[in-house]
Amino acid sequence: MDAHRELRRAFIALGYFTRIPIPGWVGWSPDELNRAARYFPLVGLLVGAAGALSLCIADAVWPGGVAVALSMLFTVVLTGAFHEDGLADAADGFGGGFEPDRVLTIMQDSRIGTYGAIALALALLIKFSALVALVERHPGLAAVALVIAHAGSRAAALSVMVWLPYARTTGAAKAKPVAEGITDREWRIGAAIALLPLLLAGWLAPLTLLQGAAVVLATLAVAWLAARYFRRRIGGYTGDCLGATQQLAEIVIYLVLGAAWL
């Protein structure tokens, strides 16, 4: 494996999935972005770590609820609300459309509708509530949960990319550059990266083997159920489907960890 090439791909993934500036020498190409998708969970790990750090800093100054809100704001700014936008668009599309073409057309509309607004509001509320509950137990637990959830939820989205074809064949779309060529090997690399914070949590935090297994199984269940739903409704996935999968998996991971640690 060429270390320089893989480093370049990791930077490409970071630049595509976040608003973090990357070095000019990295460049960009659709084919390299295809290969960079394996580092989707690595981007999540970095975003989660940044959110965890901001949470710990804010918690030393303000009450837990404020610290959680600021941490969530920080991660949204880092990613440009990339996945939250996908959740809202997917909710509008699947909620407002019945035929596949109509669903895809609605998802392409940049305006948010009733379904999208409700889905986004509830998702943020559940994440906030789950993290506040963990902060009240111990801020360190919430920090660990952020890293695990951000990495693991992106592995769930990567799974959908492996299991399904790309549904949108015409027009511009946010996931089109990474819509082809995701292999089982690349999924295994991404999954291994997503497992790193779980392994560290098992060593440094009160995460038992059974609890870790529950997180993995819950994440895979979200990915499998989402993929099954997307296949039935539109015959594949879109970028908005990936965003929705990531957000749902993130929520489920917080809930599983909350049930284990509270």
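The values are calculated or read from the model by the stated rules, or taken from the named source; none is laboratory data. This is a predicted model, so every value here is computed, not measured. Because the Cβ atoms are built from the backbone with ideal geometry, glycine has one as well, and the counts that use them run over all protein chains shown.
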Please give the number of the condition G93 fails out of (1) over 16 Å from the mean Cα position of the chain (by Cα); (2) more than 19 Å from F230 (Cβ to Cβ); (3) modelled with pLDDT of 95 or more.
-> (2)
Of the residues that make up region 141-156, is at least one within 21 Å of V43 (Cα to Cα), free of Cβ contacts under 8 Å to residues at least 40 places away in the same chain and in a helix (DSSP H, G or I)?
-> no
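When the residues of region 206-233 are narrowed to those that are among the polar types (S, T, N, Q) and either part of a helix (DSSP H, G or I) or at pLDDT 95 or above (or both), which ends up farthest from W163 (Cα to Cα)?
From region 206-233, those among the polar types (S, T, N, Q) are 208, 211, 219; that's our starting set.
Now restrict to residues that are either part of a helix (DSSP H, G or I) or at pLDDT 95 or above (or both): 211, 219.
Details: Q211: 26, T219: 15 Å.
Per the stated criteria, the residue is Q211.
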Check whether at least one residue in region 128-147 is aromatic (F, W, Y), buried (at least 17 other Cβ atoms within 10 Å of the Cβ) and out of contact with any strand residue (DSSP E or B) (no Cβ under 9 Å at 6 or more places or on another chain), and report yes or no.
-> no
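Condition check ((1) free of Cβ contacts under 8 Å to residues at least 24 places away in the same chain; (2) more than 26 Å from I57 (Cα to Cα)) across all residues:
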| residue | (1), (2) |
| --- | --- |
| V77 | no, no |
| E84 | no, no |
| A88 | no, yes |
| E99 | yes, yes |
| R102 | yes, yes |
| M107 | no, yes |
| L120 | no, yes |
| F128 | no, no |
Pick from region 41-79 the residues that are under 12 Å from the mean Cα position of the chain (by Cα) and not aliphatic (A, V, I, L, M): which of them is surrounded by the most Cβ atoms within 10 Å (Cβ to Cβ)?
-> G44
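Could you tell me which residue of region 175-205 is modelled with the lowest pLDDT, considering only residues that are in a loop (DSSP other than H, G, I, E, B) and touching a helix residue (DSSP H, G or I) at 6+ places or on another chain (Cβ under 7 Å)?
A175
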